[in-house]
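Undergrad: Before I ask anything, here is the structure I am working with.
The values are calculated or read from the model by the stated rules, or taken from the named source; none is laboratory data. Everything numeric in this text was worked out from a predicted model, so none of it was measured. Neighbour counts are summed over all protein chains in view; Cβ atoms, including those assigned to glycine, are modelled from backbone coordinates with ideal geometry.
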Amino acid sequence: MLGWGLLLLWGVVGTMGFVVFPLGFGLDDDVASVFPSLVARVDVLVVGAGPAGSAAAFHAARRGFEVLLVDQAVFPRDKTCGDGLTPRAMHELEALGVADAVGVGGYRNRGLMLHGFGASVECPWPKPGPVAGFAPVGSAMRRTQLDWLLASHACEQPGVRALGGAVVRDPVVVDGRLRSVVVASAGGADRAELRVEPRWVIVADGARSTLSKQLGRVWHKEHVYGIAARSYCESPLGSDPWIHSHLELKDPQSGDVLPGYGWIFPLGDGSVNLGCGALSTSRRPAKVNTKKLLRTYRQSCVGQAEGWEFSEPEGVASAVLPMGGAVSNVAGKNWALIGDAAGCVNPLNGEGIDYALETARLAVELLDDTPGRVLTDLWPGVLRATYGPAFSLARELGRLLTLPWFLPAAGPVGMRSGVMPTAARLMGNVVTPEDRDVVARVWRAAGGAAFGLSRRLGSADQLWGTQN
């Protein structure tokens, strides 16, 4: 069994052979002197070992592929994230066989509690329908722990080899097919290099994916994208059964309403992930310093209710995320972008882990030896069929939220109308194709209409489109 604690260097010695070194040895000059010419041929190269990449490696190995999983970092490593796991994510983690290991001490939450405009509303995770659905349970886990869990689990599968502390660069693309890449130590230009010639490539190295840019991915910032900052605080809320979201942020000194929203995700270990974010477009950029907003948000939360106390924040980090599939050029003949690299983030709640896990599974299901099988149009088509309606509607609703007058006008009405539990279900896209209730049918119909309109207006071309 191969653990993430091993750094695996692939080479060809007669037939393909493997040289194993302890983690931290890296691809060093001594190795280069022993193997001056290194070439590896693999079934599936997975770039990035976050939730998307590790899940893809797991599924590919289960389908009998030999997999090389590469990440720039040496694990464990941190990642800027809210750390929340919706029922949709828990469903995928169950399929991976790791759900029982998620959450410190088995921590689980019951749903979302929304705050703002003078009210607080409990929004439990919806119960599954009579045909199918997601179990009404969520969780949260620091990405240092979750990503380590998923990467280790992937590396335990026969056929998976892992390489940490390595960058993937210099893709050679011929007629739309990715023929080879160079895998080099992240330690510098003078370190050893490995040329990998894969049959299939899954690119899962995140929103700022370097390899995606080299392959021609375009991020369309005229559509909503997210900016956010997160921190960790010790708090009596650390095991609270609700995740909290503030739709109305106010300066505690002046009382002025601030742009953005805030969240508190209990982690089950006496701490919370406390963060804030805002939606932005190139036309209406969010004029906010998220790290400064984070400090203000924490101050406003202290003493809001019993137990609402927070230590000084640690691990403050920020990120920018493409959302709602607003990227194009996400596939070639034998390669596909998944997860954050493909803009698979929900514009209404910023959730991306569930879509990372789902797109990993969906992409691997396309990898086979069917004659003429190419992913160039096939993979964007799968993404549009699976997420197009919901993401199209979410993008338009997200665009409304960038209007400074919209939430102050709509928020008070919504918080007092009794529709927020339904809204929370839709915001989290906790709706399956099998759900037949009225809310699910209306959501799908509205999403289909939004997607159809975007196609007529041409903006659907930027929803995982192909642009030359």
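Undergrad: Looking at 358, 351 in this structure, which one is in contact (Cβ under 8 Å) with a residue 24 or more places away in the chain, in contact with an Asp or Glu (Cβ under 7 Å, 6 or more places away or on another chain), under 30 Å from residue 263 (Cβ atoms) and not small (Gly, Ala, Ser)?
TA: One residue alone meets the criteria, 358.
Undergrad: Scanning for something part of a helix (DSSP H, G or I), of a type in the set (Phe, Trp, Tyr) and modelled with pLDDT under 85, does segment 427-450 turn up at least one residue?
TA: yes
Undergrad: Okay, next question. All but one of (1) of a type outside the set (D, E, K, R); (2) outside any strand (DSSP E or B); (3) under 28 Å from residue 247 (Cβ atoms) hold for residue 95; which doesn't?
TA: Going through the list (1) of a type outside the set (D, E, K, R); (2) outside any strand (DSSP E or B); (3) under 28 Å from residue 247 (Cβ atoms), residue 95 breaks only (3).
Undergrad: Of the residues 53, 105, which single one is buried (at least 21 other Cβ atoms within 10 Å of the Cβ), assigned to a helix (DSSP H, G or I) and either out of contact with any helix residue (DSSP H, G or I) (no Cβ under 6 Å at 6 or more places or on another chain) or among the basic types (Lys, Arg) (or both)?
TA: When all the criteria are applied, what remains is 53.
Undergrad: While we're looking at this one, here's another question. Would you tally the residues in segment 66-86 being outside any strand (DSSP E or B), surrounded by 22 or more Cβ atoms within 10 Å (Cβ to Cβ) and over 14 Å from the mean Cα position of the chain (by Cα)?
TA: So the answer is 1.
Undergrad: Within segment 152-162, does at least one residue satisfy the condition of being in contact with a Cys (Cβ under 8 Å, 6 or more places away or on another chain), over 19 Å from residue 43 (Cα atoms) and not aliphatic (A, V, I, L, M)?
TA: Within segment 152-162, none of the residues are in contact with a Cys (Cβ under 8 Å, 6 or more places away or on another chain), over 19 Å from residue 43 (Cα atoms) and not aliphatic (A, V, I, L, M).
Undergrad: Another question, then. Please specify each residue of segment 394-419 satisfying the condition of being within 25 Å of the chain's Cα centre (by Cα) and assigned to a helix (DSSP H, G or I).
TA: 394, 395, 396, 397, 398, 399, 400, 401
Undergrad: List every residue pair whose Cβ atoms sit under 6 Å apart, with the two residues 6 or more apart in sequence or on different chains, where the first one lies in segment 151-180 and is without any contact (Cβ under 8 Å) to a residue 60 or more places away in the chain and more than 11 Å from residue 71 (Cβ to Cβ) and the second, anywhere, is hydroxyl-bearing (Ser, Thr, Tyr) and assigned to a strand (DSSP E or B).
TA: The qualifying pairs are 172/180.
Undergrad: Right, next: Please enumerate the residues belonging to segment 92-107 that are within 16 Å of residue 134 (Cα to Cα) and touching a residue at least 60 places away in the same chain (Cβ under 8 Å).
TA: 92, 93, 95, 96
Undergrad: Among residues belonging to segment 141-200 that are basic (Lys, Arg) and more than 18 Å from residue 357 (Cβ to Cβ), point out the one that is modelled with the lowest pLDDT.
TA: Checked segment 141-200; the qualifying residue modelled with the lowest pLDDT is 191.
Undergrad: I've got another one for you. Where residues in segment 230-245 are touching a Ser or Thr at 6+ places or on another chain (Cβ under 8 Å) and not small (Gly, Ala, Ser), which of them is farthest from residue 274 (Cα to Cα)?
TA: Among those that are touching a Ser or Thr at 6+ places or on another chain (Cβ under 8 Å) and not small (Gly, Ala, Ser), it is 234.
Undergrad: Hey, residue 335 hits all of (1) under 18 Å from the mean Cα position of the chain (by Cα); (2) surrounded by 24 or more Cβ atoms within 10 Å (Cβ to Cβ) but one; which does it fall short on?
TA: Only one criterion in (1) under 18 Å from the mean Cα position of the chain (by Cα); (2) surrounded by 24 or more Cβ atoms within 10 Å (Cβ to Cβ) is unmet by residue 335, namely (1).
Undergrad: Here's another thing I want to ask about it. Where residues in segment 128-171 are closer than 26 Å to residue 232 by Cα and of a type in the set (A, V, I, L, M, F, W, C), which of them is surrounded by the most Cβ atoms within 10 Å (Cβ to Cβ)?
TA: 150
Undergrad: Could you name every one of the strands (runs of 3 or more DSSP E) located completely within segment 127-238 that has at least 1 residues being farther than 23 Å from residue 344 by Cα, touching a Gly at 6+ places or on another chain (Cβ under 8 Å) and acidic (Asp, Glu)?
TA: 225-234
Undergrad: Scan segment 269-284 and give yes if some residue there is buried (at least 19 other Cβ atoms within 10 Å of the Cβ) and part of a loop (DSSP other than H, G, I, E, B), otherwise no.
TA: Within segment 269-284, none of the residues are buried (at least 19 other Cβ atoms within 10 Å of the Cβ) and part of a loop (DSSP other than H, G, I, E, B).
Undergrad: Does residue 192 satisfy being crowded, with 20+ Cβ neighbours inside 10 Å, of a type outside the set (Ser, Thr, Tyr) and closer than 23 Å to residue 380 by Cα?
TA: Criteria not met by residue 192.
Undergrad: Which one of these is within 20 Å of residue 318 (Cα to Cα), in contact with a helix residue (DSSP H, G or I) (Cβ under 7 Å, 6 or more places away or on another chain) and of a type in the set (Ser, Thr, Tyr): 245, 271?
TA: Result of the check over 245, 271: 271.
Undergrad: Also, quick follow-up: So, in segment 257-268, of the ones that are in contact with an Asp or Glu (Cβ under 7 Å, 6 or more places away or on another chain) and part of a strand (DSSP E or B), which residue ends up surrounded by the fewest Cβ atoms within 10 Å (Cβ to Cβ)?
TA: Across segment 257-268, the extreme among qualifying residues is 257.
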